[in-house]
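Student: Quick one: structure below, then a few questions.
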Ligand SMILES: Nc1ncnc2c1ncn2[C@@H]1O[C@H](COP(=O)(O)OP(=O)(O)OP(=O)(O)O)[C@@H](O)[C@H]1O
Ligand SMILES: [Mg+2]
């Protein structure tokens, strides 16, 4: 993926994330982490290669198709992107109404999401009156409120203290236990070590390592041969980014 001729952010990377997985994307500043997020959210598109997420091929999608695809994903932005003129409840409810839901369902969904992130008692507060960790949890409630298949979080702990970082990661982990695929971008190795999940580390637009790469290759070989009944069938809706040698 390139921002311009002189600024190529991702250079021919390929990986696959299974349904229900929890994955950290790590790497130093400028490695291409946010660029991957931008591809996953359709804020940007790969110049070459293939990207399939939740069964959708993210190539030449119309505005309408992008809107439909975005309903399957919940995004947590590093800078929260909350609306100051709305209270916490309305910030989350807005995300529900915008996808065409209404009536009692809005209230039920918002209440459940706020309960999950532990902010029911702050629902009438303005985001400005909240701490960084609380704002991040509102952003998380907004990301989960439409029951997405995938949660994509760019540095969700970037603006909170170490204790709150752990709390947010625990929340993401429990969301993942309910079957939602979680992709977390972070530069905090401390968190990656503590949570012992798959790590895909980027460096200068390439994959430096993927802790699960070997496992996936073995799965692929066995699927092709279809000889080993002990290997479970691959789960549905795998996400895949793939490109050949050239820049993506
Ligand atoms: N809008 C842009 N225009 C041109 N180049 C860009 C743009 N955004 C990012 N880049 C370049 O793409 C590369 C990858 O950037 P990216 O934002 O994906 O890095 P990152 O891993 O998220 O870094 P950080 O940890 O600092 O957020 C960098 O070399 C950067 O300079
Ligand atoms: Mg970034």
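Student: With 18 Å as the cut-off, how large is the P(r) tail for region 1-103, expressed as percent of Cα-Cα pairs?
Tutor: Beyond 18 Å sits 58 percent of the P(r) for region 1-103.
Student: Report the gain in length on full extension from residue 60 to residue 209: 0.36 nm times residue separation, minus Cα-Cα distance, nm rounded to one decimal.
Tutor: 50.7 nm
Student: What's the extension gain from residue 107 to residue 129 if we count 0.36 nm per residue and subtract their Cα-Cα distance?
Tutor: 5.7 nm is the gain from fully extending residue 107 to residue 129.
Student: Turning to a different aspect of this structure: For region 143-180 and region 1-56, write down the distance between their C-alpha centroids in whole Å.
Tutor: 19
Student: Checking a compactness column here: for the chain, what do you get for Rg(Cα) / (2.2 N^0.38 Å), N being the number of residues?
Tutor: The value comes to 1.03.
Student: Please express the shape of region 143-187 as an equivalent ellipsoid: the semi-axes are the square roots of 5 times the eigenvalues of the C-alpha gyration tensor, given largest first in whole angstrom.
Tutor: Three semi-axes, in Å: 19, 11, 9.
Student: Shifting gears a bit: Let me understand region 78-147 better: what is its radius of gyration from the alpha carbons, and its Dmax, in angstrom?
Tutor: Every Cα atom of region 78-147 included, Rg and Dmax give 10.7, 31 Å.
Student: In addition: In degrees, nearest 10, range 0 to 90: what is the angle between the Cα axis of helix 213-225 and the longest Cα principal axis of the chain?
Tutor: Computed tilt is about 60 degrees.
Student: Add -39500 (n - 2.57) for each DSSP H run of 4 or more in the chain, then divide by its residues: what number comes out at 222 nm, to the nearest 500 deg cm²/dmol?
Tutor: -10500 deg cm²/dmol
Student: Next question. Using packing as a proxy for protection, rank 205-212, 132-139 so that the peptide with the highest average count of other Cβ atoms within 10 Å comes first.
Tutor: Taking the mean over residues of other Cβ atoms within 10 Å, the ranking is 132-139, 205-212.
All of the numbers you see were taken from the coordinates with simple rules; none came from a lab. Quick caveat: nothing in here was measured; it's all calculated off a predicted structure. Ideal geometry is used to build each Cβ from the backbone, glycine not excepted, and the neighbour counts take in all protein chains shown.
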